[in-house]
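Q: Before we start, here is the structure in question, set down as structure tokens.
The values are calculated or read from the model by the stated rules, or taken from the named source; none is laboratory data. All values derive from a computational prediction rather than experimental measurement. Cβ: placed from backbone, ideal geometry, glycine included. Neighbour counts: every protein chain shown.
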Number of protein chains: 2
Amino acid sequence: MTTHRTSPSNATRRNEASRRAILAAAFELVQEVGYAKLSIEGIAARAGVGKQTIYRWWPSKGAVLFDSFLMLSEQPDGGGSALPDTGDLEADLKGVLRATIEELNDPRYDEPMRALNTEITHDSTLAALYAERLDSPMRELKKQRLRSAQRAGHLAEDLDLDVAVDMLWGPLLNRWLQRSRALTPDYADSIVETALNGLRPRR
Amino acid sequence: MTTHRTSPSNATRRNEASRRAILAAAFELVQEVGYAKLSIEGIAARAGVGKQTIYRWWPSKGAVLFDSFLMLSEQPDGGGSALPDTGDLEADLKGVLRATIEELNDPRYDEPMRALNTEITHDSTLAALYAERLDSPMRELKKQRLRSAQRAGHLAEDLDLDVAVDMLWGPLLNRWLQRSRALTPDYADSIVETALNGLRPRR
């Protein structure tokens, strides 16, 4: 059997261009109008495609938005790289949590990320997809950094790394979602110090 | 000037009965149909009142739902009481976090609480109201228990109690909202132990 390699056809390239235009349009539009008013019609108009093109590829606006996050996370500068590892765990974690806070406070991401979180809260299928495609890869990168710290003796040997990840990032996300207080760089530092040292007095 | 005390008029009693019927109807209905399909019309029909009665008292379905949570939290068995204080902080916190998990996993509360959290995420006015009327009083009860532990020397003296509360409850709420993994009693125990001891090795 011979394989017959060809360059992508014009149709394939056109599809890919439409797909990217749709995802970019959805991401832009949700920032402008909010998730409640985001519609397939609106996305189609902004992307310059017919509604049917969108319905052919995605079942709902939530699914479109999810894929636009995925596209962002797959870009070279959109994450997906290892966490910094200078050997100073506390400083590295503070840097990463401060960056997370900066992103959560960025008006460009605020509305789309709230929308994504809302969809996940109400839609268990999307939640499973999110866990598999976005959360798990990010969580694995975080655990890699913690494993390296464990090997260096900076973290308890019997630590459950999933619990550790939840304890570092959970408070940030929760404060952001509930809008209970301002997310500041000091808060990031305070979470890292308190998580590392624990609530009990250290003697 | 003399004050003239009267018992509540019939009209006041009728209003209060209608208000309670509306709040109970909203809470029941959101469990059955989900937040997206919850409507003022539906609540009115279930409560046996006219739509206008609801619009006279509340601006939106989110506001109705919020007040139904407030009504629940004001009931004798709906919370609002101090956290257990047996002198064993770890056991007390495990008990409280296990109870929180049980509530979050209860199908009667799941949909209404997700709906409330979604509204808060997108509506900063409601978020402020939530922070003031529901979150702050609960947070104060949690901090009271932590202050008592601090006095007993069980918690670090310089601990930021708000950070401590976020570290104990944030991971639970976040795991629940993101549906990332099952919320189990073991998870509650693990969060309490890890938060108290910290992530670093204890020597």
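Q: Conditions first: (1) within 7 Å of chain A (Cβ to nearest Cβ); (2) surrounded by fewer than 19 Cβ atoms within 10 Å (Cβ to Cβ). B:Met167 passes all but one, so which condition is the exception?
A: (2) is the only condition that B:Met167 fails.
Q: Being touching a residue at least 40 places away in the same chain (Cβ under 8 Å) and within 9 Å of chain A (Cβ to nearest Cβ) is the filter here, so list the residues in the stretch B:127-137 that pass it.
A: Selection gives B:Tyr130 alone.
Q: In the stretch B:151-162, which residues are more than 10 Å from A:Leu199 (Cα to Cα) and either buried (at least 18 other Cβ atoms within 10 Å of the Cβ) or not basic (Lys, Arg) (or both)?
A: Matches in the stretch B:151-162: B:Ala152, B:Gly153, B:Asp162.
Q: Then there is this: From the list B:Glu119, B:Glu140, exactly one residue is in a helix (DSSP H, G or I) and more than 11 Å from chain A (Cβ to nearest Cβ). Which is it?
A: Selected residue: B:Glu140, the only one of B:Glu119, B:Glu140 that is in a helix (DSSP H, G or I) and more than 11 Å from chain A (Cβ to nearest Cβ).
Q: How many of the residues in the stretch A:153-164 are more than 8 Å from every other protein chain (Cβ to nearest Cβ) and touching a helix residue (DSSP H, G or I) at 6+ places or on another chain (Cβ under 8 Å)?
A: Going through the stretch A:153-164 one residue at a time, the tally reaches 1.
Q: Filter the stretch B:97-112 for residues that are without any contact (Cβ under 8 Å) to a residue 24 or more places away in the chain and not charged (D, E, K, R) and give the result.
A: Matches in the stretch B:97-112: B:Ala99, B:Tyr109.
Q: Picking from B:Glu41, B:Glu16, which residue would you name as being within 26 Å of B:Pro137 (Cβ to Cβ) and over 20 Å from the mean Cα position of the chain (by Cα)?
A: Matching residue, one of B:Glu41, B:Glu16: B:Glu16.
Q: Something else: Quick test of your reading of the structure: A:Glu74 fulfils all but one of (1) surrounded by fewer than 18 Cβ atoms within 10 Å (Cβ to Cβ); (2) closer than 30 Å to B:Gly198 by Cα; (3) of a type in the set (Asp, Glu). Name the failing condition by number.
A: Of everything listed in (1) surrounded by fewer than 18 Cβ atoms within 10 Å (Cβ to Cβ); (2) closer than 30 Å to B:Gly198 by Cα; (3) of a type in the set (Asp, Glu), A:Glu74 misses just condition (2).
Q: Can you name the number of the only condition in (1) without any contact (Cβ under 8 Å) to a residue 12 or more places away in the chain; (2) not in a helix (DSSP H, G or I) that B:Leu155 fails?
A: Against the list (1) without any contact (Cβ under 8 Å) to a residue 12 or more places away in the chain; (2) not in a helix (DSSP H, G or I), B:Leu155 comes up short only on (1).
Q: Could you identify the single residue in A:His122, A:His154 that is modelled with pLDDT of 85 or more and more than 17 Å from the chain's Cα centre (by Cα)?
A: So the residue among A:His122, A:His154 that is modelled with pLDDT of 85 or more and more than 17 Å from the chain's Cα centre (by Cα) is A:His154.
Q: Going by the structure shown, is A:Asp186 touching a helix residue (DSSP H, G or I) at 6+ places or on another chain (Cβ under 7 Å) and in the same structural domain as A:Pro84 (by TED's automatic domain parsing)?
A: no
Q: Same structure again: If B:Leu97 passes every condition in (1) at pLDDT 95 or above; (2) over 16 Å from the mean Cα position of the chain (by Cα); (3) not basic (Lys, Arg) but one, which one does it miss?
A: (2)
Q: Scan the stretch B:172-203 residue by residue and report those that are modelled with pLDDT of 95 or more, at the interface with chain A (Cβ under 8 Å from one of its Cβ atoms) and part of a helix (DSSP H, G or I).
A: Hits for the stretch B:172-203 are B:Tyr187, B:Ser190, B:Ile191, B:Thr194, B:Ala195, B:Leu196, B:Asn197.
Q: Being buried (at least 20 other Cβ atoms within 10 Å of the Cβ) and among the hydrophobic types (A, V, I, L, M, F, W, C) is the filter here; which residues of the stretch A:45-71 pass it?
A: Residues satisfying the conditions are A:Ala47, A:Ile54, A:Trp58, A:Val64, A:Leu65, A:Phe66, A:Phe69.
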